[in-house]
Amino acid sequence: MTGEEGAGVMDRAAGSPPALRVRVWRGGEAGGFQEFQVPRLESQTVLDVVTYIQRNLDPSLAYRFACRVGVCGSCAMTVNGKARWTCRTHVAGVAQDDTVEIAPLNNLPVVKDLVTDMREFFDKWARARGRFTGTRSRSEDFARVSPASPARREVDAAIECIGCGVCYSACDVVTWNREYLGPAALNRAWTLVNDVRDNAQAERMAAVAGDAGCHACHTHMSCSERCPKQIAPTAGIAGLKRVIAAAVLKGGL
Ligand code: SF4
Ligand code: SF4
Ligand code: FES
């Protein structure tokens, strides 16, 4: 959690705090912002605000969440212009002049209000061969991977992705080139490239080496700056570029 998002206790003068002015995106791609007034509470998250509106002011407001504790990855939205996980983002850390603007994630089609269609995001995981392909049968012993091995350490640094789409929404290259696989799918591919048990390496390397793969990344770091799990997809993408270059030199691609 960043310091900005973790600022849970509001600094208040005596008496009631001013209501929060909340501008919420309504409708589809061609929608617009609707304004609500929401009471401010101690340790209130942006997801609390959206939930308050839906339960008390307008039950037709559409949004998505599941766990409320930073695990499921389903609550990501654009808050004051930046993609964030809303269940772990405190209002006190992001409100400006007692106002918060909440919109759906960028770079994904809007279904309704704050809900985006995540299909292209997850389709790209599949295109990047983001699925583990093992070789052992259930009758064989478990593979043993040393936690201290360099490959396992690379996996450790990238494996905690919750599939929230924050990085994808923050990536300008995705905006310019809708074929680009994007930071989350490439980060996933990097974890599998470093998985010594996986048996689809040649296929995966070919999948991420094309024009829509890792070479399209301009390394401007928005994904790594925004990821709420402190993953650095930029580092994994650089790793993919290295292993692909090595494979090309060896004639393997
Ligand atoms: S570093 Fe690459 S993947 Fe990350 S936001 Fe920039 S262009 Fe996108
Ligand atoms: S890499 Fe980070 S920002 Fe991107 S989908 Fe995974 S958890 Fe979310
Ligand atoms: S609701 Fe699950 S991560 Fe926010």
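The values are calculated or read from the model by the stated rules, or taken from the named source; none is laboratory data. None of these values were measured; they are calculated from a predicted model. For neighbour counting, all protein chains shown are included, and Cβ atoms are generated from backbone atoms with ideal geometry for every residue, glycine included. Heavy atoms of the whole protein, side chains included, go into the accessibility calculation; ligands, DNA and RNA do not. Shrake-Rupley method; radii C 1.70, N 1.55, O 1.52, S 1.80 Å.
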Could you check, for region 192-199, whether at least one of its residues is closer than 23 Å to Val71 by Cβ and surrounded by fewer than 14 Cβ atoms within 10 Å (Cβ to Cβ)? no
Restricting attention to region 224-235, does a residue exist that is crowded, with 17+ Cβ neighbours inside 10 Å, over 30 Å from Ser146 (Cβ atoms) and modelled with pLDDT of 95 or more? yes
Those residues of region 14-48 that are in a strand (DSSP E or B) and either open to solvent by 40 Å² or more (accessible area, probe 1.4 Å) or in contact (Cβ under 8 Å) with a residue 60 or more places away in the chain (or both) come to a total of 11
Sole miss for His215 among (1) outside any helix (DSSP H, G or I); (2) open to solvent by 50 Å² or more (accessible area, probe 1.4 Å); (3) not acidic (Asp, Glu) is condition (1)
Is at least one residue of region 203-211 surrounded by fewer than 24 Cβ atoms within 10 Å (Cβ to Cβ) and assigned to a loop (DSSP other than H, G, I, E, B)? yes
Working only within region 79-103, note down all residues that are under 18 Å from Ala19 (Cα atoms) and among the small types (Gly, Ala, Ser). Ala92, Gly93, Ala95
